[in-house]
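S.K.: Quick one: structure below, then a few questions.
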Amino acid sequence: MLERALSVAVESALQAGARLRADFHRPGGPRGGGDKADADTEAEREIRSRLTAAFPRWGYRGEETGVQPGEPGEPIWLVDPNDGTRDYLAGRRGSAVSIGLLHEGRPVLGVVFAFAYPDDAGDLFTWAEGTGPLRRNGRPVDRALTDQLRSTDVVLVSSKGDLDPEGNLRNAAPARYRSLPSVAHRLAVVASGEAAAASSLFSPCAWDYGAGDALLRAAGGRVLDESGRAVAYDRTGDSRSRRVVAGGPDVASRLSGRPWDVHAGAWGPERPTRLRRGEAVADAARLARAQGCLLGQVAGDSLGALVEFQSADEVRRAYPDGPPQLVDGGHWDLLAGQPTDDSEMALALARSIEDGDGYDPDRAFEAYQRWRASGPFDVGNTVSAALQGRPDDGSQANGSLMRASPLGILGHRMPATEAADLARIDSALTHPNPVCGDSVAAFVVALAHAIDRGDGGEAAYEAALGWARQAPAVPPVREALEAARHAAPKCDDVSHGWVLLALQNAFHEVRHARTLEDGVARTVRRGGDTDTNAAIAGALLGAVHGREGVPAQWRSMILSCHPVAAVARHPRPMAYWPVDVMELAERLLLAGER
């Protein structure tokens, strides 16, 4: 019985998700306002029709279409067609179809489909009692729930989480937090083992958490109410709580007693990047490559920062296989996932493009100056001099290459010559030497090709080499690209900050690395300017291998990194947090398509 019910519920969720996703992409955005979208009711009517036709004796409780009692003793469907409607109407990805099933007051089936997150391919969680393990996107989940919170664990909160980062960090301690719009999706992600716990503070009820409760029970977890008791359902399927916390039993119990509260303030001048209503990228694969580019940049930066300034021998002794995870520490004692100057400058460039819907050198230079004025813990000599009006045309440092990844996303539809010109212009703002300019140009051409075409690392390499030969690029750049075909450079000698070392290394890895993780780890093991070299290689590998090529633990640390004074040795303004890089990548893609 439950096997058939699961099949019908999954098909219903997929069909509803397709309808909601289509409305999400309407010019001007989805129809509706406030907390009601027209597509919500349309989707639930379809869900209800399918479920009640297949199981006419069963009960039904839905957010949009109300209650239909079933026959005594029969199961009851719990349906929220679009959990996270306010975010959906605002243009944010992450709302979800939620279909649960109760039998004798116990959740026995859960289907949660975040139909447009992290891209239009969606994120689907399914389980029913007696049908095998919980599955995520068709694959069995084999990760155990967290039994004790650690500093690298993540607690999922609502999309308003960054209104009160200090409060959320206190309540999640010693873990960190990450924002996701839908409570149903948050519970499902916890059930999959990707996060340790989740909260919902906005008076959730049965259709919000019923499906997630089932998924968590499948994984050995629980959903607890404000009193610390497991949520309960009455004979009609109703259940109401002021707030819920979910996770493994010990973790949920520990967190449920903390002073979680709704933060009702307004956003200040800084807020995480958001998509505009009615503007989203429909090409899931291209979006994944753009997201992979920025995630790969920050991941390489953070991993490399753990061993920055060490020789290759020192790194190998400490990490024979390369640092396997992003953790707190390193030379600067940073949070796991916290950018150094490399990715902070890339974020500054990306936000200047986002703000103006395109690249403008004056706006970019102002963004770099604001970054320097913000008190970063590290600034390269060449960058610092240029931002104070003293550019050094003799320097061949890597500071303009390390920040250039946003230009590759922006330029994904440009002819190679146009993307290269953009790269040279930006490089010249701080690094006017032609070797720097042509290095950045070759890198941006490769990124743009990889993101647009998706035809692999060798093709990205050939695109850069073809441009360098035709332009032509200055001889040292062409020689570095040719050398990358067969050899990686020695990165830990006295010239470890040289742009051509970073360039050759990145292109060597994009040709030879089997995975992004392998390429970034090998880069870090070479020592020297590890954060910069790995940030550059990570961006190029991310553009080739995409978002899913970035290890899940690395992604998790990046998207939950909030360097505020309460937890960070080097607190930074929100503009330099990496928590919104997936949305930022999408905004850059959209800017490049105008």
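The values are calculated or read from the model by the stated rules, or taken from the named source; none is laboratory data. These figures come from a predicted structure and were not determined experimentally. Here the Cβ positions follow ideal geometry from the backbone for every residue, glycine too, while neighbour counts run over all protein chains shown.
S.K.: Give the residue, chosen from Ser439, Ser427, that is among the hydroxyl-bearing types (Ser, Thr, Tyr), under 26 Å from Gln388 (Cα atoms), buried (at least 24 other Cβ atoms within 10 Å of the Cβ) and in contact with a Leu (Cβ under 6 Å, 6 or more places away or on another chain).
M.R.: The match here is Ser439.
S.K.: Further question: List, please: which pairs have Cβ atoms under 6 Å, are six or more places apart or on different chains, and start with a residue in the range 436-448 that is free of Cβ contacts under 8 Å to residues at least 24 places away in the same chain and end with one that is surrounded by fewer than 24 Cβ atoms within 10 Å (Cβ to Cβ)?
M.R.: Listed pairs, sorted by first residue: none to list.
S.K.: Take the residues of the range 181-226 that are in contact with a Phe, Trp or Tyr (Cβ under 8 Å, 6 or more places away or on another chain) and either under 20 Å from Arg258 (Cα atoms) or of a type in the set (S, T, N, Q) (or both): which is surrounded by the most Cβ atoms within 10 Å (Cβ to Cβ)?
M.R.: Across the range 181-226, the extreme among qualifying residues is Leu187.
S.K.: Consider Pro165 carefully, then state whether it is of a type outside the set (D, E, K, R), assigned by TED's automatic domain parsing to the domain that holds Val67 and touching a His at 6+ places or on another chain (Cβ under 6 Å).
M.R.: yes
S.K.: State all residues of the range 227-249 that are in a loop (DSSP other than H, G, I, E, B) and surrounded by 17 or more Cβ atoms within 10 Å (Cβ to Cβ); if no residue qualifies, say none.
M.R.: Val231, Tyr233, Gly237, Ser239, Ser241, Arg243, Gly248
S.K.: Of the conditions (1) under 21 Å from Pro472 (Cα atoms); (2) out of contact with any Leu (no Cβ under 8 Å at 6 or more places or on another chain); (3) crowded, with 24+ Cβ neighbours inside 10 Å; (4) not basic (Lys, Arg), Glu418 clears all except one; give me its number.
M.R.: (3)
S.K.: Answer yes or no: is there a residue in the range 309-332 that is closer than 29 Å to Leu201 by Cα, small (Gly, Ala, Ser) and without any contact (Cβ under 8 Å) to a residue 24 or more places away in the chain.
M.R.: Within the range 309-332, not a single residue is closer than 29 Å to Leu201 by Cα, small (Gly, Ala, Ser) and without any contact (Cβ under 8 Å) to a residue 24 or more places away in the chain.
S.K.: What helices (runs of 4 or more DSSP H) lie completely within the range 460-574 and have 1 or more residues being acidic (Asp, Glu), surrounded by fewer than 24 Cβ atoms within 10 Å (Cβ to Cβ) and more than 19 Å from the chain's Cα centre (by Cα)?
M.R.: Of the helices (runs of 4 or more DSSP H) lying wholly inside the range 460-574, those with at least 1 residues that are acidic (Asp, Glu), surrounded by fewer than 24 Cβ atoms within 10 Å (Cβ to Cβ) and more than 19 Å from the chain's Cα centre (by Cα) span 475-484, 516-525.
Matching residues to (1) under 18 Å from Pro107 (Cα atoms); (2) in contact with a strand residue (DSSP E or B) (Cβ under 9 Å, 6 or more places away or on another chain):
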| position | (1), (2) |
| --- | --- |
| Glu11 | no, no |
| Asp38 | no, yes |
| Ala43 | no, yes |
| Ala54 | no, no |
| Gly59 | yes, yes |
| Val67 | yes, yes |
| Pro72 | yes, no |
| Pro75 | yes, yes |
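S.K.: Within the range 279-325, count every residue that is among the hydroxyl-bearing types (Ser, Thr, Tyr) and either closer than 18 Å to Gln338 by Cβ or outside the structural domain of Gly380 (by TED's automatic domain parsing) (or both).
M.R.: 1
S.K.: Turning to a different aspect of this structure: How many residues are part of a helix (DSSP H, G or I), among the acidic types (Asp, Glu) and over 13 Å from Pro415 (Cα atoms) when one looks only at the range 449-459?
M.R.: Adding up the residues that qualify gives 1.
S.K.: Looking at Arg316, Arg277, Arg286, which is the one that is at pLDDT 95 or above and in contact with a helix residue (DSSP H, G or I) (Cβ under 7 Å, 6 or more places away or on another chain)?
M.R.: Arg286
S.K.: Hey, among Ser192, Ser203, which residue is over 18 Å from Trp577 (Cβ atoms), among the small types (Gly, Ala, Ser), out of contact with any strand residue (DSSP E or B) (no Cβ under 6 Å at 6 or more places or on another chain) and in the same structural domain as Ala121 (by TED's automatic domain parsing)?
M.R.: Ser203
S.K.: So which of Ala471, Ala404, Ala480 is within 22 Å of Ala288 (Cα to Cα) and small (Gly, Ala, Ser)?
M.R.: Ala404
S.K.: Which residue pairs have Cβ atoms closer than 8 Å, lie 6 or more positions apart in sequence or on different chains, and pair a first residue in the range 333-356 that is under 22 Å from Gly592 (Cβ atoms) and of a type outside the set (Lys, Arg) with a second residue that is at pLDDT below 95 and surrounded by fewer than 23 Cβ atoms within 10 Å (Cβ to Cβ)?
M.R.: Short answer, once both residue conditions are applied: Glu354/Thr273.
S.K.: Report, by residue number, each residue of the range 39-68 that is more than 19 Å from Phe113 (Cβ to Cβ) and exposed (fewer than 14 other Cβ atoms within 10 Å of the Cβ).
M.R.: Ala53, Pro56, Arg57, Gly66, Val67 - these are the residues of the range 39-68 that are more than 19 Å from Phe113 (Cβ to Cβ) and exposed (fewer than 14 other Cβ atoms within 10 Å of the Cβ).
S.K.: Within the range 132-147, is even one residue crowded, with 22+ Cβ neighbours inside 10 Å, touching a Lys or Arg at 6+ places or on another chain (Cβ under 8 Å) and in the same structural domain as Ser98 (by TED's automatic domain parsing)?
M.R.: No, the range 132-147 has no match at all.
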